[in-house]
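The values are calculated or read from the model by the stated rules, or taken from the named source; none is laboratory data. Keep in mind the model is a prediction, meaning the values are calculated, not measured. Note that we place each Cβ from the backbone using ideal geometry, even for glycine, and neighbour counts take in every protein chain shown.
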Amino acid sequence: MALTDVDLGAVDLCDLDLFADGFPDDLFVTLRRQAPCWWQAPGPHTPDGVGFWVLSRHGDVAAAASDARTFSSERGPGAEGGGTIIQDLPYGFAPGVLLNMTDDTRHHHVRRVLTPVVSPRRLAALAPELRTRAR
């Protein structure tokens, strides 16, 4: 996709075909240049028909990620499944519970607890048992 050929109004980041040949780098170059804070309107592939904001510049993402007061994950987006692709979670369950919907202190605590358990070395050691159980 050439940079000049991108019609941002026709882009649907929830359409997995967009990623079939790898990450759409050209699209994100265009987003960074033309619309660094871009609204993904609901489309046919959007879960629950809910749009979302896309930040495409590193500085903007870093600023949002470090400002939990304004951009908190704890409060959630107010959507079923917490705005994730997990469709079977009741409203209000995910915020503050799922790791990607926790902020600061709780997020770091949960990561500190989980990281040693899911390290590559630990998972490699568990792989034979997990394969046996999966059969």
* Answer from 26, 12 - the residue that is within 30 Å of residue 103 (Cβ to Cβ), surrounded by 13 or more Cβ atoms within 10 Å (Cβ to Cβ) and modelled with pLDDT of 90 or more -> 12
* Structure fact -> Subset of segment 42-58, residues in a loop (DSSP other than H, G, I, E, B), small (Gly, Ala, Ser) and either without any contact (Cβ under 8 Å) to a residue 12 or more places away in the chain or closer than 9 Å to residue 13 by Cβ (or both), comes to 43
* Could you identify the single residue in 46, 84, 70, 102 that is modelled with pLDDT of 80 or more and buried (at least 16 other Cβ atoms within 10 Å of the Cβ)? => 46
